[in-house]
1. With each pseudo-label sitting 7 Å past Cα toward Cβ, what's the Ala505-Glu587 distance in nm, one decimal?
2. Give, to the nearest whole percent, the P(r) tail of the range 666-740 beyond 19 angstrom, counting all Cα pairs.
3. Per residue, what accessible area does the chain have, given a 1.4 Å probe and all protein chains present, in Å²?
4. Counting pairs of alpha carbon atoms under 8 Å apart in space and at least six apart in sequence, what relative contact order in percent does the chain give?
5. For the range 531-587, go through all pairs of different Cα atoms, get the mean of 1/r, take its inverse, and jot down that Kirkwood value in Å.
6. Quick one: net charge of Arg221's neighbours, Cβ under 13 Å, K/R +1, D/E -1?
7. Please compute the alpha carbon radius of gyration of the range 244-337, then divide it by the globular-protein estimate 2.2 N^0.38 Å. Two decimals is fine.
8. Return, for the Cα atoms of the range 100-149, the radius of gyration and Dmax in Å, separated by a comma.
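The values are calculated or read from the model by the stated rules, or taken from the named source; none is laboratory data. Predicted model only: the values in this text are computed from it and were never measured. Cβ placement follows ideal geometry from the backbone for every residue including glycine, while neighbour counts extend to all protein chains displayed. Side chains included, ligands, DNA and RNA excluded: accessible areas come from the protein's heavy atoms. Shrake-Rupley method; radii C 1.70, N 1.55, O 1.52, S 1.80 Å.
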Amino acid sequence: MPNPSADPSSVFPGADERTPSRSQYFSWINHTNEGPTEAQTLANLGFFRYLHDAFGMRLDIYAFDAGAIDGAKFYGSMDSDRFRRRFPRGFAPLRDAAAAMGTRLGLWGGPDGFGDTPEETRARIEMMVGLCRDHRMALFKMDAVCGQLRPEHEHEDAFVEMMTRCREHSPDLILLNHRLKLGKGMPHATTFLWEGVETYIDVHIASRVCAPHNRAGALARGLPPGLARLTEDHGVCLSSCLDYWADDLILHAFNRCLILAPEIYGNPWLLRDDELPLLARIYNLHRRYRAILVDGIVLPEAEFGPHAVARGDGDTRLITLRNLSWDPRTIDLPLDSTLGLESGGQVEVRTLFPFERVLGTFAVGQRVPVEVGPYRAALVLITRDPATPGIGVEGVDARLVRDVPGRPVEIDLLGEPGTTAQVVLHGGGQEGRATLDGQPVPAPHRPFVVEFPGPRLGQPWHRKLGDLVPVDVPPDAEALYEATCFAADNNALELRELARSGPTAIPEVQAARDAYFGQPLFRSRNLSDRHLFDDDPSTGFGVNRRWRRDLRIRNNGFRLDLGTPTRIDHLRLVVGDEYRLQPLHIEEGIFASVSADLRTWRRVGLFITEDIAGPLPDDQPIRYIRLDGCPDFIQEVRGMWRGRPLDRSGWRASMLFANYGGWGGAGAVAAWSLTVRLDEAPPGSYLAIALHGEHGPELAYAAARMGEGYLGAPRRSPSFPANTFEVPVREAAGNTTYYIPVTPDMLGAPLDLVALLFNGGNPDLRPEAWITACPEPRVRRRLTLARP
């Protein structure tokens, strides 16, 4: 290899613009700067092994993020006690577990660590070279969080020597440059962090507009200049706000298609079990076409929408489209050189996302309409060789669930309820007997009829309900505000996604979840209200202060929801000492309020010792309790009725929301309202109350009134304040959207949708209401094709 010190232009930085992408997972947000461990990593690798064995998914790189060897503001060593505690057998068992599914390891670190003596410099170089020689490291992510490369020549020379020798063992070693000045070492860097943006949803990136889901900000990201591929967009974070994660991944992998793609991080095991085949399918499709995805052209925005790209060769094109509006958009695709197709002949057109469907065979030069849903992405395949994409379905939307050697092919046919489709199968090999939900299908490559049971929808499942108009502040504004505060929570974002996805039936998924939520630092950071009801003195629920920002909203109060109206005559908040009581004071009283219905509140007095406790009115059941203040930390919450402890399994709590009237002593100062009646709502439906405009941080809320009751919004974009595992969520200062689930009891009843503005807020808002659903309402029929 030429000496890079003498000729930097001769350095090959592991990849070039025409190198096919490499798929990756990296472990940030699965841990933070304390770093990963052997046990946690083996559980994570077990998850990816499941995807490999069950769905044929291939992960090229599993990368340790911060803390494996180096960490924030320090350089480490594999000879240290710290490393041995975390990896008692070194990296070898992890290398072998990864290699068993065709995966190589990667490592986070800093660019220096060369010490102040020749001996220390040599030790650092030999450690890094040994990682490539002994473990075939595929990637180094070097980050300024660890430290910069010192500018003296000897350190730059050591860096150049280290990288040159590392690539003697791993010629394809990717070096990610995260915010570093490398001097003479810069030619050895493969990529830079595009826009300097990380992608933890609602933490590092959030929607700047109202939208039906939280990932609109991620979907709005554009393209690197000149479609450059030797950069990194930080991949797709699967740890928070998981709805519509796949749209985000499609744009990352097929639209930008950088050297690391598909690239995910965080906690993909928080996806639902039924979403895992789609994750694998996206990886598999990208791998199938990655050799031709290196070439792309940007399509005119006026005709194709923002940041549309066509990739591929003259015979096969993959088109990525997006729609950044509330209404569906139909885009006519011209099957010609506009998309990069060579002239003449016929082509097959398929949608690959959000659903797979053969649209037909067309002559080059024709136009084919493709609908892109609101704030959604779409991926379209145009090819002269219909055998290349494999099995396809014409006549109905579908998702290929499984297509691996030695196992039956499984395809989900997806139709709207109450509809019938004439379906025909395209492509494939020598599949044998076919069944639809266990019933024989005589000849699936000839048209057959599929019925999708259920009542047919009378209206579009996604539609605008109307504009909220200005009204006087209603007398029950406090109840409406409290409805949303009590419906929401302040738990870690990952706990919210665990609740979204529900239990898993897959042991490997459960093992990865257990490893994440069971790690000592997740527990000790006290991020869950469940700790208040677990009788464990080592846990609690506290205001997260690790990132030097007060998460509490003005004059925040502790709220406790007992789940149902409950007889309770005594309440105790176990705190433990005066330090935890801050900003409250020992030997003082504190007022609380109790209610059965959010509308009528009764004031009671509690007393502060090292705990907060006192009697509650016992003449009627109550459900809601709120304190005028809140300590920084609460260890346990207990309630009694006539001397007996109450069951707390259904209790919930929050601690970051402002008390009503916490805005300079005033409650709501302006309001908007719209009354609607819903006649139908498919499963997964929710109301989206969009508050267009800049209203000020946490100064606008929304809820609904139904008869004498109230419906709060448990979710919002940007997300509600949370005690996060990493840095805090973004402030909701404008263009906020509140999401209220639609339940069967809401159908047919008048619903008053109300937006409230609080003291200090900007009244120049334009609230409107929509109904939508996630996932899209489809009835699933499973088509199984046996292999001979």
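1. 6.1 nm
2. 44 percent
3. Working: 29250 Å² over 788 residues.
So the chain comes to 37 Å² accessible per residue, rounded to a whole number.
4. 13 percent
5. Working: mean 1/r = 0.0711 Å⁻¹.
Radius from the Kirkwood sum: 14.1 Å.
6. Within the 13 Å Cβ shell, the charges total -2.
7. Scaled against compact globular proteins, the figure is 1.16.
8. So, for the range 100-149, Rg and Dmax equal 12.5, 41 Å respectively.
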